[in-house]
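Peer 1: Attaching a single structure in structure tokens format; questions to follow.
The values are calculated or read from the model by the stated rules, or taken from the named source; none is laboratory data. These numbers were taken from a predicted model, which means no experiment stands behind them. Neighbour counts run over all protein chains shown; Cβ positions are idealised from the backbone, glycine included. For the accessible areas, the whole protein counts, side chains as well, though only heavy atoms, and no ligand, DNA or RNA atoms are used. Shrake-Rupley method; radii C 1.70, N 1.55, O 1.52, S 1.80 Å.
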Amino acid sequence: MVIAKMQEPPDVLGYRARLELYNEKGAEVESEAQAARTLINSIIEDTSTPSDNAALARIDNRIENLDDTRRQLKQETREPLSHLEARDFPAARRSLARADAVRDDWMRRSVLFD
């Protein structure tokens with residue numbers, strides 16, 4: 001999205017397509033995380049299903065923590081996207097550095113989750 005917006009002339013259609021995909025994937029990740037947490041909690045609550053409830057609870061907690069970080073990343077990306085829209089590229093670069101740090105943290109946590 002950054003490249004599409006910063007080139008001359010800006011690739012408006014490419015930017016919009018990538019932004020739409022970014023938003024769709026974010027909603028998809030949120031939906032899948034919620035579905036996983038719902039399933040985990042239903043297994044924990046079902047006393048007729050043999051399960052390691054402590055391990056399932058840890059997995060549920062890790063998903064929740066990753067989802068919190070994902071929400072923080074989403075919030076951090078609002079500012080650079082706003083700067084890109086305004087074509088304030090120096091401000092976009094500065095705010096992208098913060099978003100990159102949050103993304104890197106999310107990726108590190110995701111790898112630890114595997």
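Peer 1: May I ask you to verify whether residue 86 is open to solvent by less than 70 Å² (accessible area, probe 1.4 Å) and free of Cβ contacts under 8 Å to residues at least 24 places away in the same chain?
Peer 2: It is false that residue 86 is open to solvent by less than 70 Å² (accessible area, probe 1.4 Å) and free of Cβ contacts under 8 Å to residues at least 24 places away in the same chain.
Peer 1: In the set 42, 51, which member is open to solvent by less than 80 Å² (accessible area, probe 1.4 Å), among the polar types (S, T, N, Q) and modelled with pLDDT of 95 or more?
Peer 2: 42 is the lone residue from the list that is open to solvent by less than 80 Å² (accessible area, probe 1.4 Å), among the polar types (S, T, N, Q) and modelled with pLDDT of 95 or more.
Peer 1: Quick one: count up the residues across the range 1-39 that are among the hydrophobic types (A, V, I, L, M, F, W, C), under 24 Å from residue 71 (Cβ atoms) and open to solvent by less than 50 Å² (accessible area, probe 1.4 Å).
Peer 2: Total meeting the criteria: 4.
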